[in-house]
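Q: Got a structure here, written out as structure tokens. Questions coming.
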Amino acid sequence: MRLALYRDPVALVVGVLGLVLSVAAAVSTGDSPGVDGQVSLLVTVAFALSIVLGEWFQLSAPGFRGSAPIATAAALAFAFAVHVGPVELAFSTPYVLAVTSVSMALGAGARVLGGREVSLVETTGRFLAVAVAAVIYRNAHLGQSPGGPPHDDSLVPWERAMLMLAICLVALVADALFTSILRAMATADLRRPFVDEARSSFALSGAVAVTGVLVALALPTLGVMALPLFILPLVLTLFAFRRYVSIRATYLQSIRTLSRLTDAAGYTPSGHSERVAALAVRVGRQLGVSERDLLDLEYAALLHDIGQLALVEPIPGGATVLAAPADQRRIAADSVAIVRETGVFEGAARILEHQTTPYRQVRELGEEIPLTSRILKVVNAYEDLTAGARSARAREAAVERIYLGLGYEYDPRVVDALLGILGSHHD
Amino acid sequence: MTSRPEPDTSSRLLPYYITLVVTTSVVVGVASWVFGRHPDAGPLVLLVAMGVLSYVLREPDVTSRIGFSFLSIILLASGAILGPFGAWFVGLTSQAVERQRMEWFKRLFNVAMMALIGVAGATAYILCGGVSSLERVSGFSDLALRVGLPLMVADVVQCITNAVLVAGAVALSQPVPFWVFVRRILVSSGVAYIGYGIIGFLFVVLWYPAGLGAFSALLVMAPLLAARWAFVQFGEEQRSHERVVETLVTSLGTKEPPAVERSARVAQLAEWTAEELGLGPRQIATVTYAATLHEIGHLGVPTRLLRRAPGALTDSERRVVDRHSVMGARMIEGIDFLEEARSGVRHQGERYDGRGLPDGLAGADIPVAARVVAVVTALEAAMTEDPVGVHPSAELRRRLGSDTGRFDPAVLEAAWAALDKHGLPTGAGAVSAS
């Protein structure tokens, strides 16, 4: 766990190193268009501006990898830009990387000053991708030396497009690898962060890479105007992304509202679902449940009692653990039906399905009950039995009741984890 | 990105409308072949394939009425690359591969409409001075003036053509006023429809001036798919709202099963009334949500009180039941898109003369959603308890009108007009707000 603390400093060092090295290389090799290269300067300003703005308007949402699509697309195009209109640009890799890193730093700095969040890991990852692309295309492919002209590769446009797309792929893999190595320092497992990383950003990164390539391909025809024109669809997509985020927010809000319905209707003690959810997530984390499953567990816990709405008379104290097994199952079935109705919380519905199944069915019948369902069962029983009371006596009484069902009703491993958390909390 | 209607068979005028659209489309197609240029086979085949692909990849009906695809962008590019006949042909063939069964006349209408949209765009392009020999254009200013600008006009023309043709069919098959529907389409997707038209321009630039040829079709798929994703979000947003509202109604249904159907009937009546009042799309949605959820507060009322007949309640019990509007408004607090509908739930018991509950608001101070809910719940209750056939009797009209000061007279009038037009809702279809 402690290694995670070093993640950001490592990224900071790599990022600053990239910034300093690229600027130093550009200065020492004299790789810059100078004041005469008016077109080159105009191009520089346009790209630098796009990168700064792109870094400012970042995308981030829970469960989504943070990214700056406009900055990445512009920077990739900058790495590939050789001709603008009829003019050949008079700079090479060090200059490109110096401009890119300075612009990214400016954008990130503006965000920090504006009080917004900046992920150093992701910003550095983006810079790394651009560096990889520029080195492969300019130095390896075009054989361009700093300050020197590019060699003519006599590729027809579609061949060039294929080449650039392939380079972008390599660059994006480098980015994902860098980010996941830094994340893996916390978990000591590289494969999973990398797969998660690649999966969560695949579609968006693809669109970004193609946009970068398209800008580079259109620069000789459209001149600098290629940049804003080809970026525009990406900008529109960012608005759609905002809509996407608000859709997810709507579902979350609806879960909170639904979880409060039973409180408002007087079926459960106030705040019961929230307490179960908070405790269940802690127990789940203790037992190594993945973040995605934890989210489902939280939703399931928030909604686990909603089936009680069907009862004519509330159960005393809303404690389902005291209800007859048949009633418990009916309440659970009603909860599942309501949660399924949303059509988007299938994970939570699956947890709720097994909410009431006694643990012995795992032992005796070999039935598969998800760990998250077993957690919910134990935590709900505990909360029902303490009824929100936090005194040591209420806790001991509840634990005693749970011990009576240990191994029959409840999974001993989950109960141990719960007791561990309760102990550390109170002692 | 293209709107398609799902016409009903209910109207007698509809077949004539479809015949008119189809005939126009055929005539225009023939004319474009005779007078316009003939497209090259290679680009034509490619664009037809992209058109078909866009239709196959379309978002399967977002609501019951409108579906999305990026066909409009393909049609726009076709207008510049192929000319009017080519664009007509791409529109005509776009629905060659059909995954789901659709009645033949709907399909015929859709095909004719797509072809017409294609021709309309291509014609606008030519009229605005768009060039047809794209190989010879070079330089940004030339491209902007002789390709970009004409394409922009063509884009707007396509969007309007689409909206008007669909609204025509809907206005004839379902009694939604024509302009309400045109506005609904333009507000919900018009900006994005026109904005993403830029991809059509970029497609053309890549194809000819940048020299990528047919390969540009492959590259441009990335922004097209991004556009599709963006459009799916429009639909998803609406669907998320409907799902949340439905889930809340289902929750209520577990406690009070008859409430589900009642809520659907009241919501339908409220939506019609709101349309009749000429409200905007957003307000219509607010009114409908408020009507759907008007009884959500029953969740907080003891079941034994809900099961008793209203006449059998004591005064104090009566008060408990009446508090449901306040409780309901509190329950749905915290869901952003229901924020406006919330006041409609809370104030449903207000009287137009200001002597109602809970806050004694009067006249225009009462949110319009609350005024509509008040009228339609009273109507629904009266008509369910005393079924009088499809149309309300004069007796009922007099009874509701006699309680002067209870209802907003304008809303009452609109509700009667809606009932005359549509009859009593059955409560079969659940929520339908847009």
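The values are calculated or read from the model by the stated rules, or taken from the named source; none is laboratory data. Keep in mind that this is a model prediction, so the values were computed, not measured. No Cβ is skipped: glycine too gets one built from the backbone with ideal geometry, and neighbour counts run over all protein chains shown.
Q: What single numbered condition from (1) out of contact with any Phe, Trp or Tyr (no Cβ under 8 Å at 6 or more places or on another chain); (2) in a helix (DSSP H, G or I); (3) crowded, with 22+ Cβ neighbours inside 10 Å fails to hold for B:VAL182?
A: All conditions pass for B:VAL182, except number (3).
Q: Can you name the number of the only condition in (1) facing chain A (nearest Cβ under 8 Å); (2) more than 30 Å from B:VAL45 (Cβ to Cβ); (3) β-branched (Val, Ile, Thr) that B:VAL249 fails?
A: With (1) facing chain A (nearest Cβ under 8 Å); (2) more than 30 Å from B:VAL45 (Cβ to Cβ); (3) β-branched (Val, Ile, Thr) applied to B:VAL249, the lone miss is (1).
Q: If you check every pair at least six apart or on different chains, which have Cβ atoms under 9 Å apart with a residue in the stretch A:391-411 that is within 18 Å of A:VAL362 (Cβ to Cβ) first and a residue that is acidic (Asp, Glu) and not in a helix (DSSP H, G or I) second?
A: Final answer for the pair search is A:ILE402/A:GLU409.
Q: Follow-up. For the stretch B:202-220, name all the residues that are without any contact (Cβ under 8 Å) to a residue 60 or more places away in the chain, on the phi < 0 side of the Ramachandran plot and in contact with a helix residue (DSSP H, G or I) (Cβ under 8 Å, 6 or more places away or on another chain).
A: B:LEU202, B:LEU206, B:ALA210, B:LEU212, B:PHE215, B:SER216, B:LEU219, B:VAL220
Q: Residues being closer than 15 Å to A:ARG329 by Cα and in a loop (DSSP other than H, G, I, E, B): count how many of those fall in the stretch A:346-368.
A: Number satisfying all stated conditions: 6.
Q: Then there is this: Given the structure, is A:TYR267 at pLDDT 80 or above, within 12 Å of chain B (Cβ to nearest Cβ) and in contact with a helix residue (DSSP H, G or I) (Cβ under 8 Å, 6 or more places away or on another chain)?
A: no
Q: Answer with yes or no whether B:ARG406 is part of a loop (DSSP other than H, G, I, E, B) and either at pLDDT 75 or above or on the phi < 0 side of the Ramachandran plot (or both).
A: Yes, satisfied.
So that you can scan it fast, the table gives a plain yes or no per residue for (1) within 14 Å of chain B (Cβ to nearest Cβ); (2) closer than 22 Å to A:SER290 by Cα; (3) loosely packed, with under 14 Cβ neighbours inside 10 Å:
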position	(1), (2), (3)
A:ARG330	yes, no, no
A:GLU346	yes, yes, yes
A:PRO370	no, yes, no
A:ASP384	no, no, no
A:ALA389	no, no, yes
A:LEU419	no, yes, no
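Q: Looking at this structure, is A:TYR95 at pLDDT 90 or above, more than 22 Å from the chain's Cα centre (by Cα), within 18 Å of A:ASP175 (Cβ to Cβ) and among the aromatic types (Phe, Trp, Tyr)?
A: No; evaluated as a whole, the condition is false for this residue.
Q: Looking for whichever is crowded, with 17+ Cβ neighbours inside 10 Å, within 14 Å of chain B (Cβ to nearest Cβ) and polar (S, T, N, Q) here; the options are A:SER205, A:SER119, A:SER154. Which one fits?
A: Only one candidate qualifies: A:SER205.
Q: Same structure again: Just to be sure before I move on: is B:LEU212 closer than 21 Å to A:ALA209 by Cβ, at pLDDT 85 or above and outside any helix (DSSP H, G or I) in the structure I sent?
A: Yes; evaluated as a whole, the condition is true for this residue.
Q: Could you grab me the full set of residues in the stretch B:96-132 that are buried (at least 21 other Cβ atoms within 10 Å of the Cβ) and assigned to a loop (DSSP other than H, G, I, E, B)?
A: B:GLY130
Q: When you check B:ARG4 against the structure, is it at pLDDT below 90, among the basic types (Lys, Arg) and outside the structural domain of B:VAL119 (by TED's automatic domain parsing), yes or no?
A: Answer is yes for this residue.
Okay, residues lined up against (1) in the same structural domain as B:VAL376 (by TED's automatic domain parsing); (2) surrounded by fewer than 21 Cβ atoms within 10 Å (Cβ to Cβ); (3) under 20 Å from B:VAL180 (Cα atoms):
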| site | (1), (2), (3) |
| --- | --- |
| B:HIS241 | no, no, no |
| B:SER263 | yes, no, no |
| B:GLY280 | yes, yes, yes |
| B:TYR289 | yes, no, yes |
| B:THR292 | yes, no, no |
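Q: Can you say whether A:TYR251 is within 31 Å of the chain's Cα centre (by Cα) and either more than 7 Å from every other protein chain (Cβ to nearest Cβ) or touching a residue at least 40 places away in the same chain (Cβ under 8 Å) (or both), as far as the supplied structure shows?
A: yes
Q: Any residue in the stretch A:154-167 that is of a type in the set (Phe, Trp, Tyr) sitting within a Cβ distance under 8 Å of a residue that is surrounded by 17 or more Cβ atoms within 10 Å (Cβ to Cβ)? List the pairs, counting only those 6 or more apart or interchain.
A: A:TRP158/B:LEU212; A:TRP158/B:PHE215
One line per residue, one yes/no per condition, for (1) away from chain A (no Cβ under 14 Å); (2) at pLDDT 85 or above; (3) within 25 Å of B:ARG371 (Cβ to Cβ):
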position	(1), (2), (3)
B:ARG228	no, no, no
B:PHE234	no, no, no
B:TRP272	yes, yes, yes
B:GLY280	yes, no, yes
B:THR288	yes, yes, yes
B:LEU293	no, yes, yes
B:PRO302	no, no, no
B:PRO310	yes, no, yes
B:ARG318	yes, no, yes
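Q: Are there any pairs, at least 6 apart or on different chains, whose C-beta atoms fall under 8 Å, with the first in the stretch B:285-301 and more than 13 Å from B:ALA329 (Cα to Cα) and the second among the charged types (D, E, K, R) and surrounded by 24 or more Cβ atoms within 10 Å (Cβ to Cβ), and if so, which?
A: Here the result reads B:VAL287/B:GLU271; B:THR288/B:GLU271, each pair linking the stretch B:285-301 to a residue that is among the charged types (D, E, K, R) and surrounded by 24 or more Cβ atoms within 10 Å (Cβ to Cβ).
Q: Would you call A:SER28 assigned by TED's automatic domain parsing to the domain that holds A:ALA77, more than 19 Å from A:ARG126 (Cβ to Cβ), polar (S, T, N, Q) and part of a loop (DSSP other than H, G, I, E, B)?
A: So A:SER28 does not fit the description; no.
Q: Determine, yes or no, whether B:VAL266 is farther than 23 Å from B:GLY423 by Cβ, touching a residue at least 60 places away in the same chain (Cβ under 8 Å) and in a helix (DSSP H, G or I).
A: Judged against the criteria, B:VAL266 is not a match.
Q: To continue, here is another question. Quick one: A:VAL312 ticks every box in (1) more than 14 Å from chain B (Cβ to nearest Cβ); (2) at pLDDT below 80 bar one, so which box is it?
A: (1)
Q: Follow-up. Could you list, ordered by first residue, the pairs with Cβ atoms under 7 Å in which the first is in the stretch A:201-219 and assigned by TED's automatic domain parsing to the domain that holds A:VAL39 and the second is of a type outside the set (Ser, Thr, Tyr) and not in a helix (DSSP H, G or I), at least 6 apart or interchain?
A: Qualifying pairs under 7 Å: A:SER201/A:ARG65; A:ALA216/A:ALA81; A:LEU217/B:ALA210; A:LEU217/B:LEU212; A:ALA218/B:ALA210; A:LEU219/A:ALA81; A:LEU219/A:HIS83; A:LEU219/A:VAL84.
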